[in-house]
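Following: one structure in structure tokens, then a few remarks.
The values are calculated or read from the model by the stated rules, or taken from the named source; none is laboratory data. Bear in mind that the values here come from a model prediction, so they are computed numbers and not experimental data. With ideal geometry, Cβ positions are generated from the backbone for all residues, glycine too; neighbour counts draw on all protein chains shown. Surface accessibility is based on the protein's heavy atoms, side chains included, excluding ligands, DNA and RNA. Shrake-Rupley method; radii C 1.70, N 1.55, O 1.52, S 1.80 Å.
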Amino acid sequence: MPGRYDPLEDLPPPKGTPAPDPEAARQQWLAALAYAGPLCLLAIFARRKTPFLRWHAQQGFVLLFLEALAFALVIIVQATIGRIPVLGLLVEIVLKLAVFVLFLLLSVIGFVKALAGEEFRFPVIDEYAERVPIHD
């Protein structure tokens, strides 16, 4: 219920709880944005990069590159098989939906893991991400 008083809101944090580090939070948000398509460039061109941010920027860039390749493939299929009256339309719709759902799922997983502060590795993508040259 809005407007209802909650006595637990006024309690101080438990003893031993570290104060939130604004730089760590900034790095986590930049790492999460690395999975938001072209916004991965924000993480790549950030001034201060920790290894955590660098890793997510590399992985986000590879994911963006794979997305571009997949949608180029969809355009090729659309221009060739998509010309067949019924079958082409069905193949086109299924392929577009599969590509969209796959990359949306991968982006959401990476976004959530980066915000949680985890250095999550996608099984195949991480091999290529290590080759992306991102420097300080």
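Data table
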{"item": "Å² per residue, accessible surface of the chain at 1.4 Å", "result": "70"}
{"item": "Gain upon complete extension [Leu105, Leu39; 0.36 nm per residue less C-alpha separation]", "result": "22.1 nm"}
{"item": "Proximal charge balance of His135 [Cβ under 13 Å; K/R count +1, D/E count -1]", "result": "+3"}
{"item": "Extension gain from Val91 to Glu119, taking 0.36 nm per residue of separation minus the Cα-Cα distance", "result": "6.5 nm"}
{"item": "The chain - percent of accessible surface contributed by carbon and sulfur, probe 1.4 Å", "result": "71"}
{"item": "Positive-end residue of Leu97, Thr80, Val124, charge dipole of the chain with Cβ unit charges", "result": "Thr80"}
{"item": "Cβ charges +1 (Lys, Arg) and -1 (Asp, Glu), total dipole of the chain, debye", "result": "280"}
{"item": "Relative contact order for the chain, counting Cα pairs under 8 Å that sit 6 or more residues apart, in percent", "result": "30"}
{"item": "Value of [θ]222 nm, deg cm²/dmol, for the chain, DSSP H segments ≥ 4, -39500 (n - 2.57) each, nearest 500", "result": "-20000 deg cm²/dmol"}
{"item": "Among (1) 17.5; (2) 15.5; (3) 16.8, the entry that matches Kirkwood radius over Cα pairs in Å as calculated here", "result": "(1)"}
{"item": "Distance from the range 47-63 to the range 92-130 (C-alpha centre basis), Å", "result": "14"}
{"item": "With DNA, RNA and ligands ignored, accessible area of Asp136 (1.4 Å probe; Å², nearest 10)", "result": "130"}
